[in-house]
1. Which of A:103, A:48, A:90 moves most in a GNM of chain A, Cα contacts under 10 Å?
2. Please give the contour-minus-distance gain from residue B:15 to residue B:65: 0.36 nm per residue of separation, less the Cα-Cα distance, rounded to one decimal in nm.
3. Based on the alpha-carbon gyration tensor of the protein assembly as shown and its eigenvalue square roots a ≥ b ≥ c, which shape applies: rounded if a/c is under 1.5, prolate if not and a/b is larger than b/c, or oblate?
4. So for the stretch A:4-43, averaging the separation of alpha carbon pairs under 8 Å that are six or more residues apart and normalising by length, what relative contact order in percent results?
5. Between residue A:97 and residue B:58, what FRET efficiency follows from the Cβ-Cβ distance if R0 is 25 Å, with the result rounded to 0.05?
6. Hey, what did the stretch B:5-111 get for relative contact order, percent, Cα under 8 Å, at least 6 apart?
7. Taking the convex hull of the alpha carbon atoms in chain B, what volume per residue do you get, in Å³?
8. For the stretch A:6-59, what is the convex hull (Cα atoms) projected area averaged across all directions, in square nanometres?
């Protein structure tokens, strides 16, 4: 079946601009996660949704980052006033329930110039 | 979160077994041991997990020390496609949610 998909695969934006990154989880998966991975590092947790609500947003670095999942399936990660330090691969994962293994998408590579 | 310690890198020859170690001396009784791997230019992929007993699946085996302070991921016959970064992660059974990744072990497989 279809896995987790993320769009776009690559995004280049200028410092100060607004970006949206989209995640389509596996159908029927109730839990959805966003992670960020910098070069040479392991993924770093950002936020976790159970259904439509953000159950844990403790990893969001500041208030420029926001994520939504309005219908409990697709999620969008939104970054305002992008900074060069936001450049990274943004990974999305989903799981059938919050206690199950997580399935990751291929990621969106964000480059802020 | 309890921490894990893994070697930065390991090498293996193709068709030979690989033992990837992980130390987790501060593990609690309710922490599950999870392994994920990340192939180049891909998102992480679940490999295996366990609590106390050794576990086997189609991808690998997980051997857990009796005191649970260490574990070993075993790839029975490494192939070039197993070249990846392998992450050992502790996940508290009572808290569904995030995975806390370290820097993992980069496995190189050569002919």
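1. A:103
2. Working: separation 50, 0.36 × 50 = 18.00 nm, distance 2.55 nm.
Additional length available on full extension: 15.4 nm.
3. On the way: a/c = 1.92, a/b = 1.52, b/c = 1.26.
Cα axes put the protein assembly as shown in the prolate bin.
4. Numbers: 21 pairs, mean separation 14.8, N = 40.
The normalised contact order for the stretch A:4-43 reaches 37 percent.
5. Details: r = 22 Å, r/R0 = 0.88.
Working from the Cβ atoms, E equals 0.70.
6. On the way: 246 pairs, mean separation 39.7, N = 107.
Computed over the stretch B:5-111, the figure is 37 percent.
7. Numbers: hull volume 10.4 nm³, N = 111.
Normalising the Cα hull of chain B by residue number yields 94 Å³.
8. Values: hull surface 19.8 nm².
Dividing the Cα hull surface by four gives the mean projection, 5.0 nm².
We did not get these values from a lab; they are worked out from the coordinates using the rules stated. Being a predicted model, the structure only gives us computed values, none of them experimental. Please note: Cβ atoms are built from the backbone with ideal geometry, for glycine as well, and neighbour counts cover all protein chains shown.
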